[in-house]
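Structure first, commentary second.
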Amino acid sequence: MTLADVLTGLAIAVGVVGIVVPVLPGTSVIAVAVLVWAIVVGSVTGWVVFAVAAAALAAGVVVKYLVPGKRMKDAGVPGTTMWWGAAGAVVG
């Protein structure tokens, strides 16, 4: 185990904490940590691990936005209200 492995593991742990406690951008921290690790390792295995991690993180982001939207639609919230909320989030 090298120093790069230990630092990557610590960064991933911090990212997981950032996902659970929304103070840090957890998904971004994890993605950057795995990317840097893949660059340091420099092998095909490193890039495959990065691709799998990036796909899992992207799926998590998609689910994070789709599930609440579906539940609001099922509860009868109009689509225009959700679009206004999204526009306000972008502006804010």
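The values are calculated or read from the model by the stated rules, or taken from the named source; none is laboratory data. No experiment lies behind these values; they were computed from the predicted model shown. Backbone-built Cβ (ideal geometry, glycine too); neighbour counts: all protein chains shown. Remember, those area values only see protein heavy atoms, side chains included, never the ligands or the DNA or RNA. Shrake-Rupley method; radii C 1.70, N 1.55, O 1.52, S 1.80 Å.
Pairs linking a residue in region 59-77 that is on the phi < 0 side of the Ramachandran plot and surrounded by 10 or more Cβ atoms within 10 Å (Cβ to Cβ) to a residue that is in a helix (DSSP H, G or I) and among the hydrophobic types (A, V, I, L, M, F, W, C), with Cβ atoms under 7 Å and 6 or more positions apart or on different chains, are G69/M82; M72/M82.
Just to verify a result, which residue in region 1-29, among those that are part of a loop (DSSP other than H, G, I, E, B) and of a type in the set (A, V, I, L, M), is farthest from A59 (Cα to Cα)? Give the steps one after another, and end with the answer.
Initial filter on region 1-29 (part of a loop (DSSP other than H, G, I, E, B)): 1-2, 21-25.
Filter once more, so that each one left must be of a type in the set (A, V, I, L, M): 1, 21, 23-24.
Values: M1: 29, V21: 19, V23: 21, L24: 19 Å.
It comes out as M1.
When region 39-49 is filtered for residues that are in a helix (DSSP H, G or I) and either under 14 Å from D5 (Cβ atoms) or within 10 Å of the chain's Cα centre (by Cα) (or both), the ones remaining, listed by number, are I39, V40, V41, T45, G46, V49.
Which ones in region 78-92 are in a helix (DSSP H, G or I) and either open to solvent by 70 Å² or more (accessible area, probe 1.4 Å) or of a type in the set (K, R) (or both)?
Selection gives T80, T81, W83, W84, A89, V90, V91.
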